[in-house]
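A short write-up of the structure that comes next.
The values are calculated or read from the model by the stated rules, or taken from the named source; none is laboratory data. Remember, predicted model here, so these are calculated numbers, not experimental data. Heads up, the Cβs are rebuilt from the backbone with ideal geometry, glycines too, and the neighbour counts pull from every protein chain shown. Areas reflect the complete protein model, heavy atoms only, side chains present, ligands, DNA and RNA absent. Shrake-Rupley method; radii C 1.70, N 1.55, O 1.52, S 1.80 Å.
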Amino acid sequence: MMYQTANKLYLREYVEDFEALPQVDPNGDILLAPQLDTGTLWQFSEHSTGNYFLRERMVTTIPPQAHPVSGYFRDERFYASSDYAMQPPPLNPPTQFPPIIVGESVLRNSQRLTVVSDGSMDPISGQAVFAWVITQQDRRGYIRRSKPIRTNPKYMSSFRSELEGVHDVISYLVTNHYTGRKLDLWCDNKWCIDALNKSGNSLDELGKPEGALLKATRHLLTEFVDITLHHIYGHQDDNNSYENLDFESQLNVDCDAEAKRQMRASSVSGRTEAEPGTGAMLYLGDDMITSHMAEQIQYAGQAPKMFEYIRERFEWTDHQCCSVNWKGIGAAKKRLTRPVSNRTTQMMYGWLNVGHQKIKFDQDGTCPCCGQHEEDQLHLYRCENVLMRETLQQGIQDMERTLYKVGMASPVYLGFIDAICKIVQLPRKPYALHCSHTLRAIERQESLGSDALLRGFHHVEWAYTLQSTWIPPRRYDDGTMEKKRDPFELSTVLIGETWKLFEGQWKMRNTILHSPDSFLLASKMTQLDRRFVEYKRNKTQLLAYQDHYLIDIPEREFVKWERDKKKKLLRLLETCKAAFIRECEARTDRQSLITTFFRRIDPT
């Protein structure tokens with residue numbers, strides 16, 4: 001296999017693998033033996049005449065700008081079949097984020113440098129940014145940089161954002177020849193530091209999404225003469241003032257603030273550049289995909305049609321579709337069992353077998369609990385049946401208790417419950433201390449429709465409200481952290497509690513449906529009585545004479561029968577009716593009209 005650049009040519013050497021089984025075509029003829037890659041790469045240089053290439057030396061890599069080429073050998077000379085054509089630059093070049101350099105000469109003359117890297121990630125949108133700084137104790141010289149990360153936005157993790165920052169700053173140090181100095185690198189992600197300090201590359205690590213990046217970072221670390229990786233606790237300014245922090249902690253706070261500033265201000269455009277340390281690449285749109293490729297390809301193939309259906313189903317715009325917390329819905333669905341998940345999906349998209357659906361099949365759509373003419377999904381929450389209202393009140397009390405236990409801010413979950421009570425028309429004294437974030441989330445939620453909140457289509461503003469009101473976990477004296485759910489997990493709890501409220505209403509509705517006091521059962525019994533009366537009043541037109549004894553039952557007696565007994569008799573009457581109709585049709589076909597026996601009289 002040959003690869004060509006502007007003035008070089010590269011040959012990947014293969015040999016025939018005689019130990020492998022030969023390939024045979026359908027006719028039984030033996031084809032070429034399988035080829036085995038030797039791992040040897042030869043570099044050829046272009047002759048001064050420009051007509052052919054001559055073998056020069058062995059190399060270890062092929063430049064990324066080289067592309068495959070065909071040709072032929074003659075007397076140790078290779079003649080390419082086509083000229084090299086440089087690929088045109090992309091029409092949408094990526095946004096560049098060059099480092100800011102101040103006092104580089106001071107850093108060059110310093111024997112010891114301090115390096116701090118930090119990453120920041122939005123768990124809802126998957127947007128991530130890293131920021132790092134290279135400086136020394138008096139800060140007279142420094143190099144700092146911040147850059148968005150556009151790799152696998154749907155599967156971004158805080159670990160990857162931290163590792164991307166560490167890899168980027170180490171790459172900068174190697175490229176700009178800082179490897180000979182004593183370096184102290186600090187990062188507030190302990191998993192990242194432990195992974196880089198571990199020697200070797202196990203197969204388990206390389207199989208993970210960050211395995212290739214981890215391997216590339218470890219390889220770069222071997223270039224340094226004296227570098228030490230340290231873990232530092234993040235967000236120390238939450239408990240102490242900036243002036244009372246040590247030097248490295250101050251730099252960590254500065255990097256965290258710069259990363260958040262870059263996340264708010266950055267407007268990236270164009271296709272992202274290929275990240276180093278990536279063994280395989282896939283671009284979907286302008287984002288680079290290096291992990292979970294099967295899932296992301298499936299999403300790219302199926303999501304457009306799904307969104308098209310959702311827009312038509314709920315009459316939403318593109319903006320409304322994108323404003324739903326789909327990531328939270330996916331996380332909440334994974335916690336459900338298969339039957340509950342299927343039933344929840346039916347509820348979300350209006351496929352439940354309620355009265356509204358039954359009417360479409362010419363069936364009775366009466367509410368089994370209160371007798372309303374047409375039962376829709378929203379009626380499950382608004383039904384005036386005493387048991388349904390008690391179940392709803394108990395479900396909301398359980399929801400309030402759960403949201404309190406998980407550590408959610410009271411203005412948020414009380415405002416959320418008030419919004420639900422307003423939709424289901426449940427009397428409740430509204431909470432008077434809603435914060436501005438909660439009011440904004442309620443307003444944005446209303447833009448999705450009246451019952452979107454009950455279906456689980458929560459506006460992403462709820463997640464950002466939880467993030468704004470979230471109190472970071474405390475750090476105890478022994479260094480351990482308080483166990484606390486992050487804002488994204490809290491938004492997932494909100495969705496799950498909404499579905500639990502539906503489950504309670506659905507179970508109670510079905511319990512009433514199959515009870516003797518069901519309005520739907522009473523309606524069906526009335527229909528059976530009417531059909532019996534119809535047979536009794538029109539027996540000569542519907543039944544044969546020998547079948548009339550089947551309806552010699554007083555109406556007052558038939559009304560007292562059980563439903564199964566009534567249905568059994570009516571099925572028998574339907575069978576007799578069908579037989580009587582067939583007999584009448586056959587009799588009519590066999591009999592001749594009396595006029596056929598009349599003789600025609602000629603009037604002349």
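Listed values, structure above:
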item: Qualifying residue in segment 317-325 (condition: within 26 Å of Ser515 (Cα to Cα) and not aromatic (Phe, Trp, Tyr)); result: no
item: Residue count for segment 559-569, restricted to those that are open to solvent by less than 90 Å² (accessible area, probe 1.4 Å) and more than 52 Å from the chain's Cα centre (by Cα); result: 3
item: Qualifying residue in segment 199-209 (condition: in a loop (DSSP other than H, G, I, E, B), more than 22 Å from Ile289 (Cβ to Cβ), at pLDDT 80 or above and of a type outside the set (Asp, Glu)); result: no
item: Breaking point among (1) within 27 Å of Glu375 (Cα to Cα); (2) at pLDDT below 90, for Glu312; result: (2)
item: Qualifying positions in segment 347-366 - within 24 Å of Val493 (Cβ to Cβ) and surrounded by fewer than 16 Cβ atoms within 10 Å (Cβ to Cβ); result: Tyr349
item: Any hit, segment 567-575, residues being without any contact (Cβ under 8 Å) to a residue 60 or more places away in the chain, closer than 21 Å to Pro516 by Cα, touching a helix residue (DSSP H, G or I) at 6+ places or on another chain (Cβ under 7 Å) and charged (D, E, K, R); result: yes
item: Looking only at segment 547-558, and only at residues there that are open to solvent by 90 Å² or more (accessible area, probe 1.4 Å) and assigned to a helix (DSSP H, G or I), the one that is modelled with the highest pLDDT; result: Tyr549
item: Matching option when the condition is under 23 Å from Leu426 (Cα atoms), over 20 Å from the mean Cα position of the chain (by Cα) and open to solvent by 80 Å² or more (accessible area, probe 1.4 Å), among Glu375, Glu384; result: Glu384
item: Subset of segment 98-113 (residues that are loosely packed, with under 15 Cβ neighbours inside 10 Å and over 8 Å from Gly141 (Cβ atoms)); result: Pro98, Ile100, Ile101, Arg108, Asn109, Gln111, Arg112
item: Residues being open to solvent by 10 Å² or more (accessible area, probe 1.4 Å), assigned to a helix (DSSP H, G or I), within 16 Å of Leu439 (Cβ to Cβ) and among the aliphatic types (A, V, I, L, M) - total across segment 387-424; result: 2
item: Which numbered condition Arg144 misses (of (1) more than 13 Å from Tyr172 (Cα to Cα); (2) open to solvent by 20 Å² or more (accessible area, probe 1.4 Å); (3) charged (D, E, K, R)); result: (1)
item: Pair list, Cβ < 6 Å and 6+ apart or interchain, from segment 297-326 residues that are small (Gly, Ala, Ser) to residues that are not in a helix (DSSP H, G or I); result: Ala300/Leu284; Ser323/His459
item: Residue among Ala80, Ala66, Ala33 that is modelled with pLDDT under 75, open to solvent by less than 60 Å² (accessible area, probe 1.4 Å) and touching a strand residue (DSSP E or B) at 6+ places or on another chain (Cβ under 8 Å); result: Ala33
item: Residue pairs meeting the criteria (Cβ under 7 Å; at least 6 apart or on separate chains; first under 20 Å from Gly165 (Cβ atoms), in segment 98-117; second open to solvent by 80 Å² or more (accessible area, probe 1.4 Å)); result: Pro99/Arg144; Ile100/Arg144
item: Hey, Val59 farther than 30 Å from Gly141 by Cβ, modelled with pLDDT of 80 or more and within 45 Å of the chain's Cα centre (by Cα) or not; result: yes
